[in-house]
Amino acid sequence: MERTHISVVSVPVSNPDVAKAFYLDMLGFELVMDNQFGAGMRWVMLRPPGAETAITLVTWFETMPPGSLRGTVMSVPDIEVAAADLRAKEVLDPDDEIQSAPWGRWVSIEDPDGNGWVIQQDTEGPIDFS
């Protein structure tokens, strides 16, 4: 089986309109599509500008309650700029400090449903765990 990339990550939400506004306005995602399918179901797909991987806002997975997604990492070129932007938009608390580890520097945020995201500037080159 040939694999090229992860296409879509499902993000469980309670209200697609509220979540869509958050990802568009607060995180700067682009809308790929917003279509009805099936009875009362909606396919809302967004992606960071230039990314191959998209997210879809889901309400139909019983095993994925709103807010149950954790640890999804979104890379940014400059964590200082990203953190300042998130603070200005009140997504990141002013007291939340940028964390550091061998693999990068990051802050953690939550969407309106409590889905947890890691906004990270990746370490360049080989990672030293010593």
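The values are calculated or read from the model by the stated rules, or taken from the named source; none is laboratory data. Note that the structure is a prediction, hence the values are computed from the model and not measured. Positions of Cβ are backbone-derived with ideal geometry, glycine not excepted, and every protein chain shown enters the neighbour counts.
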Checked pairs for segment 97-116, first under 13 Å from LEU27 (Cβ atoms), second assigned to a loop (DSSP other than H, G, I, E, B) and aliphatic (A, V, I, L, M), C-beta under 8 Å and 6 or more apart or across chains, list as VAL107/LEU92; VAL107/ILE98; ILE109/VAL91; ILE109/LEU92; ASP111/VAL13; PRO112/VAL13; ASN115/VAL13; ASN115/LEU69
Checking the conditions here, which among THR56, THR63 is among the hydroxyl-bearing types (Ser, Thr, Tyr) and not in a loop (DSSP other than H, G, I, E, B)? THR56
Is it true that MET41 is at pLDDT 95 or above and either under 16 Å from the mean Cα position of the chain (by Cα) or farther than 21 Å from GLY104 by Cα (or both)? no
Please pick out the residue among ALA39, ALA84 that is small (Gly, Ala, Ser), over 22 Å from ILE6 (Cα atoms) and assigned to a helix (DSSP H, G or I). ALA84
When residues of segment 80-107 are filtered for being of a type in the set (Gly, Ala, Ser) and surrounded by 15 or more Cβ atoms within 10 Å (Cβ to Cβ), how many remain? 3
Pairs with Cβ under 7 Å, 6+ apart, first in segment 39-63 and on the phi < 0 side of the Ramachandran plot and of a type in the set (S, T, N, Q), second surrounded by 14 or more Cβ atoms within 10 Å (Cβ to Cβ) and modelled with pLDDT under 95: THR56/TRP43
